[in-house]
Each structure stands twice: as structure tokens, then as C-alpha cells.
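The values are calculated or read from the model by the stated rules, or taken from the named source; none is laboratory data. What you see is a predicted model; the values in this text were computed from it and never measured. Positions of Cβ are backbone-derived with ideal geometry, glycine not excepted, and every protein chain shown enters the neighbour counts.
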Amino acid sequence: MKKSNLLKKTSAAFMPTLMAAGLSMAALPALAADYEFNIVHLSNTSDEDYDGAVVLKDYVEAQSNGRIQVNIYSGGQLCGNATECIEALQANLIQVFNTTTGGLSNVFPEIQAIDIPYTFPSDRIAECTLNSEELVGPIRKELLDRTGSMRLMTIGNTGGWRNFATTDTQIKSPADVEGLKIRTINSPIQMELVKAMGGSPTAVPWAEVYTSLATGLVEGSKNGITDIMGMKFNEHIKYMTLDGHAYMASMWWMNNDSLKAMPADLQHIMMDGFDALRSVTTVMPKRRQIEAYNAFKASGGTIYAPTAEEKKQFQQAAKPVREWFINEYGAKWVDITESAVKSCEAQIDKAYMAQQ
């Protein structure tokens with residue numbers, strides 16, 4: 001949006017937050033660009049969300065010859081949780097924000113179809129599907145129709161894959177989950193997965209997970225290795241099972257009015273910038289997990305990769321989650337997601353056969 005309008009709204013609505021973050025209006029950048037956007041992400045500056053935001057900022061500022069200015073606020077400086085940030089985005093008080101499916105579920109619970117366990121068999125299929133217009137297009141239209149303001153710009157990754165990680169029990173089959181208190185995000189579908197395997201799901205805010213593991217409030221979690229090591233959960237978590245039940249998709253949203261307020265050439269630059277962001281956030285978790293897995297093992301952790309037969313057991317145990325979802329939200333978004341997955345599988349198989 002035009003900078004003058006943004007600063008009026010931000011100063012009125014977010015001055016207390018800015019002051020709490022140690023900022024002031026005097027500390028804001030000089031008013032030089034034609035358009036200014038605030039990007040907010042809730043993770044810290046060592047996260048791939050930050051890497052993606054930096055790449056987006058660098059790209060659009062350079063390609064626009066300074067007509068666009070991007071400010072990055074990490075760690076929830078302008079809003080403290082997904083609900084607050086989505087409200088701020090819809091009000092155009094911030095212009096860019098990213099969410100997981102769990103973070104978006106209050107606005108669009110059907111998006112959890114992407115998190116139905118074992119929907120994506122590999123990184124390659126997940127990346128193809130989440131970058132396909134067959135899936136992205138319907139999500140973009142649905143959120144614009146529901147909110148009038150949230151435009152999906154791209155889908156990247158934040159943290160790799162969700163795997164079972166536990167303090168005292170090595171999980172090799174679904175039967176090993178039975179009776180365990182497993183931390184989940186506040187997402188119904190994540191809780192249903194733990195229930196389906198006989199565990200006890202416990203929704204714990206991210207900031208409280210370390211203490212919950214230390215005190216025994218929970219006996220495990222469902223996270224990627226980079227998040228586990230970044231938050232020092234390995235001081236309590238000693239086992240990881242690479243079952244890969246969910247790909248941690250990260251949806252990047254932009255206020256639609258802000259995008260459309262720019263001339264067409266700058267809109268295209270912005271969209272290209274988001275594609276660069278997607279590439280970075282997709283690759284960085286893969287690179288960072290190498291050191292993270294090595295550090296986990298060096299700290300005494302044990303990593304287990306299920307056999308093909310054990311993987312089938314996990315998939316079979318998770319089938320009630322898909323049935324629960326359809327009963328709860330209908331089959332529409334399951335069908336859309338699974339159709340996009342099948343299209344990618346066929347596309348990749350065709351490319352493979354062409355190489356023979």
C-alpha cells in the first residue's frame with residue numbers, strides 16, 4: 001500500500017507494540033520508496049522463514065529500483081500469534097504473513113486436508129503439489145472469497161517433515177505410541193493422528209514445549225529436526241522416528257489491497273520475489289537438517305527410519321484420520337489435494353520413463 005496510508009494506520013494501531021519491541025516512529029526507515037510493506041513472521045532469525053523474507057526483500061527492492069521498501073519483523077514483534085497476525089493482515093496493518101495449516105485452521109479449517117497423514121510420499125511430490133496451480137489456485141480463491149483480503153502468494157516449507165520425537169520411548173510402530181502424551185499444535189487433525197495411534201494428544205504453545213518436556217507434562221512431540229535442535233528440545237528428547245507423517249507447508253499471504261494498489265510492473269516483481277522466497281524456504285530445511293541430525297546424534301539421540309512394512313503400519317493406523325476429516329469437513333478439499341498429488345505423481349513418472 002502507499003506508505004503514507006500505512007504509517008498512519010500503523011502508528012495508531014501498533015504504537016504500543018512498536019514501543020514494547022524497543023522501536024519508535026523515529027526509528028522507522030526514511031520515507032523514500034513509493035510503497036512500503038511490513039513482513040511479519042513468528043520464528044527467529046535463524047529460521048528459513050527469515051531467510052525467505054530476506055530474499056524477498058532483496059529481490060523486490062533491487063528489481064523495483066527502490067520503489068518498493070520491505071521491513072522484516074521477526075519473532076512476532078508486531079503481532080504475537082497466528083490469530084493476531086491474520087487479523088492485522090486483513091486490516092492491512094501488516095502486509096505479509098506466513099502460516100502453517102494449523103495457524104490458518106481458525107479461518108479455514110478445511111486447509112487441514114494438506115495435513116492428512118502420509119498424503120505426500122516424498123519431498124519431490126510434496127513440492128510439486130504445493131507449487132501446482134491445481135492446488136494453489138483453489139486455496140487462493142477460497143481465502144479471497146472468505147476474507148476479501150488474504151491472497152495466497154506461494155507455499156514453501158518451514159522445518160521439513162513432522163516426525164515423532166520422544167523422551168524415553170523409541171517408536172518403531174504405531175503400537176509404540178499407545179499411552180504416550182504427545183505434544184501437538186492446536187490443530188484438530190494433529191490431535192486426531194495421535195488419538196488414532198492410541199496416544200494422548202496435548203496441545204502446548206510453542207514457547208512452553210521445552211518446559212513441558214522437562215517436567216513430563218508431555219513425553220514427546222511431532223516436529224522436524226531443525227526445530228528440535230533450534231529450541232534445544234534434544235536436552236530431553238532422545239528418540240526420533242522418521243515416519244514423515246506431515247510435510248510442514250508454509251503458506252505466505254499478502255494483503256490483496258496492498259498488492260493491487262501497485263502498478264502492474266511492481267505486482268509482477270512482487271510475485272517473482274515470492275517465488276524466490278519459495279525456493280529458499282524449500283531448500284534451506286534440507287540443508288540445515290544435515291548438521292541438525294548430526295548434532296542430535298552427538299548429544300546422545302537415536303534416529304530410527306521405519307522399514308517399508310512398518311511404514312505401511314503407520315499409514316494403516318492413520319486411515320481413521322482421513323475418515324474423521326471427511327465426516328467433519330466434507331470431501332471437497334481432500335479430493336482437491338489428492339487429485340493434485342496424483343497429477344504430480346503421473347508427471348514425475350512420465351518424466352522418469354522418458355529418461356529410460
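I'd like the full set of residues that are crowded, with 20+ Cβ neighbours inside 10 Å and under 19 Å from Gln267 (Cβ atoms), limited to the range 28-51.
The answer is Tyr35, Glu36, Phe37, Asn38, Ile39.
Find all pairs meeting these conditions: Cβ atoms under 6 angstrom apart; at least six residues apart or on different chains; first residue within the range 265-280 and more than 14 Å from Asn157 (Cβ to Cβ); second residue of a type in the set (S, T, N, Q) and assigned to a helix (DSSP H, G or I).
Listed pairs, sorted by first residue: Ile269/Gln63.
Quick test for you: out of Asn71, Asn131, Asn81, pick the one residue that is surrounded by fewer than 22 Cβ atoms within 10 Å (Cβ to Cβ) and at pLDDT below 95.
Answer to the check: Asn81.
Filter the range 194-245 down to the residues that are among the hydroxyl-bearing types (Ser, Thr, Tyr) and in a helix (DSSP H, G or I), then identify the one that is surrounded by the fewest Cβ atoms within 10 Å (Cβ to Cβ).
Thr215
Run down Phe296, Phe325 and say which single residue is in contact with a helix residue (DSSP H, G or I) (Cβ under 6 Å, 6 or more places away or on another chain), of a type in the set (A, V, I, L, M, F, W, C) and either assigned to a loop (DSSP other than H, G, I, E, B) or in contact (Cβ under 8 Å) with a residue 24 or more places away in the chain (or both).
So the residue among Phe296, Phe325 that is in contact with a helix residue (DSSP H, G or I) (Cβ under 6 Å, 6 or more places away or on another chain), of a type in the set (A, V, I, L, M, F, W, C) and either assigned to a loop (DSSP other than H, G, I, E, B) or in contact (Cβ under 8 Å) with a residue 24 or more places away in the chain (or both) is Phe296.
Please go through the range 175-193 and give me each residue that is in a loop (DSSP other than H, G, I, E, B) and free of Cβ contacts under 8 Å to residues at least 60 places away in the same chain, ordered by number. If you could, list the steps in order and put the result at the bottom.
In the first step, residues of the range 175-193 are kept if they are in a loop (DSSP other than H, G, I, E, B); the result is 178-180, 185-187.
The answer is Glu178, Gly179, Leu180.
Report, by residue number, each residue of the range 266-307 that is of a type in the set (Asp, Glu) and over 22 Å from Met248 (Cβ atoms).
Listed by number, the list holds a single entry, Asp272.
Conditions tested, residue by residue: (1) surrounded by 16 or more Cβ atoms within 10 Å (Cβ to Cβ); (2) β-branched (Val, Ile, Thr); (3) closer than 19 Å to Arg162 by Cβ; (4) in contact with a strand residue (DSSP E or B) (Cβ under 8 Å, 6 or more places away or on another chain).
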| position | (1), (2), (3), (4) |
| --- | --- |
| Thr302 | no, yes, yes, yes |
| Glu310 | yes, no, yes, no |
| Gln316 | no, no, yes, no |
| Arg322 | yes, no, yes, no |
| Lys332 | no, no, no, no |
| Ile336 | yes, yes, no, no |
| Glu345 | yes, no, no, no |
| Ala354 | no, no, no, no |
